[in-house]
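Heads up: the structure comes next, in structure tokens.
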Amino acid sequence: MAQINPSILSANFARLAEEAEAVKGSDWLHVDVMDNHFVPNLTLGVPVVESLARATDIPLDCHLMIEEPDRWAPQYVEAGAGSVTFHVEAAAAPVRLAREIRAKGARASMALKPGTPIEPYEDLLPELDMLLIMTVEPGFGGQAFLDIMLPKIRRTRQLIDKHGLELWLQVDGGVSASTIERCAEAGADVFVAGSAVYGAKDPAGAVRDLRALADSATAEAWWTCGH
Ligand code: DX5
Ligand code: ZN
């Protein structure tokens, strides 16, 4: 079944516990950490993640859009994140970092910006629990989905199949009722949605609708048909 991870970047930051409650039934809560260096925007850090982890039962999927993730990522595991994603463009030693995240007890995930190809990282994939393919330039919610990322999603799914990996493939950016089926068809199985969830009148209903769309597209997809 497709996993839907609402992004609190589009939520009310003064009411994060209630905003988490509003998407009950979600698989993960996506938390965008930005440092105003790796991306031109600033959001929240370790203390907020620590408080939020205590305030909700939904596990936290922390997406670190920061410089020096080698130094900071382990602190997000300690703060209570169930999954920590670092950007490969910022990591000094991605294998060592993924191993450290796993050793501390969280799922290790690596993200690629739109201009970063997957092919150089084929041999790293067994070190990861999830790969995040950005479908917008990281930094802001509400941007238009980049269709040109679909071939990269497809090629990544082929690599996952080729190596027989249990790797989740996440997409983030511009995911909505009008784009989620294309992502699922291409090979994604974890979907981040910010504005499509928190911009809806009924956020929990939006999560259910997105999951239904993703599930039916997955059932027809090339990478699940006949499997
Ligand atoms: C963008 C963030 C996303 C953002 C997505 O840099 O990584 O998680 O919240 O927002 P939407 O779904 O509105 O594109
Ligand atoms: Zn994100």
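The values are calculated or read from the model by the stated rules, or taken from the named source; none is laboratory data. These numbers come from a predicted model, not from an experiment. Ideal geometry is used to build each Cβ from the backbone, glycine not excepted, and the neighbour counts take in all protein chains shown.
Considering every residue within the range 125-132, establish whether at least one is at pLDDT 95 or above and within 13 Å of ligand 2 (Cβ to nearest atom).
yes
Return a yes/no flag: does the range 155-164 have any residue that is within 16 Å of the chain's Cα centre (by Cα), outside any loop (DSSP other than H, G, I, E, B) and farther than 29 Å from Leu42 by Cβ.
Checked against the condition, which is being within 16 Å of the chain's Cα centre (by Cα), outside any loop (DSSP other than H, G, I, E, B) and farther than 29 Å from Leu42 by Cβ, the range 155-164 yields at least one hit.
What residue, among those in the range 138-183 that are hydroxyl-bearing (Ser, Thr, Tyr) and within 16 Å of ligand 2 (Cβ to nearest atom), is nearest to Val207 (Cα to Cα)?
Ser176
Do we find that Leu124 is in contact with a Pro (Cβ under 7 Å, 6 or more places away or on another chain) and under 14 Å from Leu165 (Cα atoms) in this structure?
Considered against the rule, which asks whether it is in contact with a Pro (Cβ under 7 Å, 6 or more places away or on another chain) and under 14 Å from Leu165 (Cα atoms), Leu124 comes out as yes.
Scan the range 149-183 residue by residue and report those that are surrounded by fewer than 18 Cβ atoms within 10 Å (Cβ to Cβ) and away from ligand 1 (no atom under 16 Å from the Cβ).
If the condition is that a residue be surrounded by fewer than 18 Cβ atoms within 10 Å (Cβ to Cβ) and away from ligand 1 (no atom under 16 Å from the Cβ), then Pro151, Arg154, Arg155, Gln158, Asp161, Lys162, His163, Gly164, Leu165, Glu166 are the ones that fit.
Do we have Val33 as touching a helix residue (DSSP H, G or I) at 6+ places or on another chain (Cβ under 7 Å) and either closer than 27 Å to Arg211 by Cα or surrounded by 17 or more Cβ atoms within 10 Å (Cβ to Cβ) (or both) here?
no
Scan the range 13-29 and tell me whether some residue there is surrounded by fewer than 20 Cβ atoms within 10 Å (Cβ to Cβ) and touching a Lys or Arg at 6+ places or on another chain (Cβ under 8 Å).
Yes, there is a match, as at least one residue in the range 13-29 is surrounded by fewer than 20 Cβ atoms within 10 Å (Cβ to Cβ) and touching a Lys or Arg at 6+ places or on another chain (Cβ under 8 Å).
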